[in-house]
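To start, the structure itself, in structure tokens.
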Amino acid sequence: MKNFHWTLLIIASCIGVILIATPALIGAWQTRPTPQPRQSPNAPANQNVPQGLDGRPLAVETGKQEVDRQNQQEIRLEVQRLYAMATELKDEMDKTNANAVLSFNVVKRAQDIENLAKQIKDRAKR
């Protein structure tokens with residue numbers, strides 16, 4: 001019977017400690033500061049302006065713009081070359097007789113013009 005009293009006393013003590021400590025732990029848990037979000041270094045200065053429109057160009061866009069500019073320059077050069085080839089073919093066709101069979105040189109130039117036009121088309125799709 002003596003052991004039963006001691007066991008009952010220990011259980012009551014544990015319950016008392018839990019009842020006393022629980023509000024303190026809950027209060028400490030509730031009063032801890034909430035973590036504040038940190039602003040990204042890539043975030044625009046003005047949150048109301050879409051990214052990239054606040055005067056600061058994006059690094060990715062400037063690189064893409066440079067590639068686009070270079071691609072456009074190459075397309076212009078290829079179009080000039082295509083125009084020159086087409087003009088040469090026209091001049092050669094004007095010199096030939098309309099009743100004569102086309103020479104292999106004329107057919108070859110037409111194929112070269114067609115290939116260059118396809119290259120320009122593919123480059124423009126990029």
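The values are calculated or read from the model by the stated rules, or taken from the named source; none is laboratory data. It should be emphasised that the depicted structure is a prediction, and the values quoted were computed from it without experimental measurement. Please note: Cβ atoms are built from the backbone with ideal geometry, for glycine as well, and neighbour counts cover all protein chains shown.
Residue-by-condition table, conditions (1) part of a helix (DSSP H, G or I); (2) modelled with pLDDT of 70 or more; (3) over 46 Å from the mean Cα position of the chain (by Cα); (4) of a type in the set (Asp, Glu):
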| residue | (1), (2), (3), (4) |
| --- | --- |
| Phe4 | yes, yes, yes, no |
| Thr22 | yes, yes, yes, no |
| Ala28 | yes, no, no, no |
| Pro37 | no, yes, no, no |
| Gln73 | yes, yes, no, no |
| Arg81 | yes, yes, no, no |
| Met85 | yes, yes, no, no |
| Leu89 | yes, yes, no, no |
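Take the conditions (1) at pLDDT 80 or above; (2) surrounded by 10 or more Cβ atoms within 10 Å (Cβ to Cβ); Pro57 misses just one of them, which is (1).
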